[in-house]
Amino acid sequence: MIKNNMKKTDKIILAIETSCDDTCCAIVKNGKEVLSSIIASQIDLHKQFGGVVPEEASRMHIEKLSLVIDKALEESKVNLNDIDAIGVTYAPGLVGALLVGVNEAKAIAYALGKPLVGTHHIKSHIFANFIENDIDFPFIALVASGGHTHLFKVEDYDKITLMGRTLDDAIGEAYDKVARALGLGYPGGPIIDKMAKLGNPNKIDFPKSWLSKDSYDFSFSGIKSAVLNYLNKMKMKGEEIVVEDVCASFQSAVIEVLVVKSVRLAKAENIKSIVIGGGVSANSYLREMMTTYCEKEDLNFYYPSISYCTDNAAMVGVTAYYELLSGNISGLDLNAVASLQLE
Ligand code: KG4
Ligand code: ZN
């Protein structure tokens, strides 16, 4: 049945995301209009362990996914029969967690006789920017999350070149580990973001990892160790640790490297726009500093709303739409892949 406000050419995608610790389903029209986006966060479950426990994440996805899909359909007021395709994150991520989403998506696609579209998680973090912005190609994309820190040159929906990446820890991982060492809880990013506003970023001189002069790669394990060493040294000397200053000094060091390298890459490639995505793109200091640098260099800067920065299925609905238009349909033998380069 075609509803009054829907054209025959409209494409409605039911999208599923279960790559880590959020159980998500969204209904997205034409790769742009989010009719609903439901996220069941597992933070309360994993908080007690100080990080994501993969087996627990898979079990919780199994428990929650059908409910989340029902809610997404209900909120969107879209009937299951109006769905044109099923999009699902199949890589990269926790393999057991991904499998829950992939199997559910396959079952729905098979039952409805509609195409199944497997999507790449990192691509979805980039494409989250298309929901609220109209962005011209080419652009530079910085994806910074709990599992990834990548710089891409994006020339088209399917022409994405990796220009730099972390050689060790992801930036979100560094935030989470530093927060744990400070006893601030999980996930550490939003808490450090908040505490840093109350501290002095110039108080402690943590190392900024530039690597070689021309490199667009990153490294965050050094600064993580430097923070841990600083905390141990202060404890041994019996000196007071000002948590706000540690947060502000750590944050300013890691964010400056992200911003400077992204802007340098845009200038070197003569590209006029930068977008950010992934959980760490919710960071207020990153948004602020990138805005300032981009204004100075006459670059456009785009970022998603907070709810589209961290894991969600609306971004999967956008990616699946463009994959569908390109004819990239998956078979019912689609499998989950824990680690997969986006190229
Ligand atoms: O994209 P995401 O939800 O999951 C992955 O694909 O990894 O990112 C989660 C990461 C966590 O490490 C979390 O601490 C970080 O994003 N994060 C932040 C902020 N909000 C979430 N990091 C810094 N500042 C924030 N405001
Ligand atoms: Zn993510």
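The values are calculated or read from the model by the stated rules, or taken from the named source; none is laboratory data. Predicted model only: the values in this text are computed from it and were never measured. Methodologically, a virtual Cβ is constructed for each residue, glycine included, from the backbone with ideal geometry; neighbour enumeration extends over all protein chains shown. Side chains are part of the model used for accessible areas, which takes the heavy atoms of the whole protein and leaves out ligands, DNA and RNA. Shrake-Rupley method; radii C 1.70, N 1.55, O 1.52, S 1.80 Å.
Quick notes on this structure:
- Filter result (in a loop (DSSP other than H, G, I, E, B) and open to solvent by less than 40 Å² (accessible area, probe 1.4 Å)) within segment 260-282: ILE271, GLY278
- Residues of segment 53-85 that are within 21 Å of LEU99 (Cα to Cα), out of contact with any strand residue (DSSP E or B) (no Cβ under 8 Å at 6 or more places or on another chain) and touching a residue at least 40 places away in the same chain (Cβ under 8 Å): PRO54, GLU55, ALA57, SER58.
- Which numbered condition PHE137 fails, given (1) over 14 Å from the mean Cα position of the chain (by Cα); (2) in a strand (DSSP E or B): (2)
- Qualifying residue in segment 71-79 (condition: in contact with a Cys (Cβ under 7 Å, 6 or more places away or on another chain), surrounded by 19 or more Cβ atoms within 10 Å (Cβ to Cβ) and modelled with pLDDT of 95 or more): yes
- Meets criteria (more than 16 Å from ligand 2 (Cβ to nearest atom), modelled with pLDDT under 95 and either among the hydrophobic types (A, V, I, L, M, F, W, C) or in contact with a helix residue (DSSP H, G or I) (Cβ under 8 Å, 6 or more places away or on another chain) (or both)) for GLY185: yes
- Cross-chain or 6+ apart pairs with Cβ under 7 Å, segment 277-291 first and free of Cβ contacts under 8 Å to residues at least 24 places away in the same chain and at negative phi, then within 16 Å of ligand 2 (Cβ to nearest atom) and open to solvent by 10 Å² or more (accessible area, probe 1.4 Å): ARG287/TYR303
- Any hit, segment 233-245, residues being open to solvent by less than 30 Å² (accessible area, probe 1.4 Å), closer than 30 Å to SER273 by Cβ and not in a loop (DSSP other than H, G, I, E, B): no
- Enumeration of residues in segment 292-343 that are of a type outside the set (Val, Ile, Thr), in a helix (DSSP H, G or I) and open to solvent by 50 Å² or more (accessible area, probe 1.4 Å): TYR293, GLU295, LYS296, SER307, LEU325
- In this entry, LEU98 passes the filter for residues that are modelled with pLDDT of 95 or more, open to solvent by less than 30 Å² (accessible area, probe 1.4 Å) and touching a His at 6+ places or on another chain (Cβ under 9 Å).
- Condition check for GLY199: small (Gly, Ala, Ser), open to solvent by less than 70 Å² (accessible area, probe 1.4 Å), modelled with pLDDT of 95 or more and in a helix (DSSP H, G or I): no
- Tally of residues being within 19 Å of the chain's Cα centre (by Cα), touching a residue at least 24 places away in the same chain (Cβ under 8 Å) and either closer than 28 Å to ASP134 by Cα or part of a strand (DSSP E or B) (or both) across segment 22-52: 15
- Every residue from segment 86-114 that is out of contact with any strand residue (DSSP E or B) (no Cβ under 6 Å at 6 or more places or on another chain) and in a loop (DSSP other than H, G, I, E, B): PRO92, GLY93, LEU94, GLY113
- Residue list for segment 83-95, restricted to those being of a type outside the set (Ser, Thr, Tyr) and open to solvent by 20 Å² or more (accessible area, probe 1.4 Å): ASP84, GLY93, LEU94, VAL95
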